[in-house]
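The next block holds one structure in the form of structure tokens; read it before the comments.
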Amino acid sequence: MKVALDGMPVEGLRVVRADGFFARLVGLLNHASLAESDALWLPGTGAVHTRGMRFPIDVVFVRRDGVVAAVWEGCVPGRILRGPTFAAGTLELACGAAARFGFVPGKLFSVLAD
């Protein structure tokens, strides 16, 4: 799936949507690494964990209205990450990718139709 920031498609970023409880729970745990151009969208999730992961990630917390609420870069394995209380979705990216693709607080995040 494709995503946009402030209405502009984020070019070069491939996003997979984690639907359902199990998909959100497992997340990236079954990955040995994450390509620079790949991301995982966890709708309805305001907290994630990196327990059992083998690599650091960037985490973007998105409010229900689509505004990027917080961006945490370089989150190391073995942590529980709780976003702002109003976070309603989480995007997990390769370490360093959030800045490279322009994810900063205040931008409007949206999922584009395939």
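Does region 33-65 hold any residues that are more than 11 Å from residue 93 (Cα to Cα) and surrounded by 16 or more Cβ atoms within 10 Å (Cβ to Cβ), and which are they? Within region 33-65, 42, 45, 46, 48, 49, 50, 53, 61, 62, 63 qualify. Of all residues in region 42-64, those satisfying the criterion of being at pLDDT below 95 and among the charged types (D, E, K, R) are 51, 54, 64.
The values are calculated or read from the model by the stated rules, or taken from the named source; none is laboratory data. For clarity, every value in this text was computed on a predicted model and none was experimentally measured. No Cβ is skipped: glycine too gets one built from the backbone with ideal geometry, and neighbour counts run over all protein chains shown.
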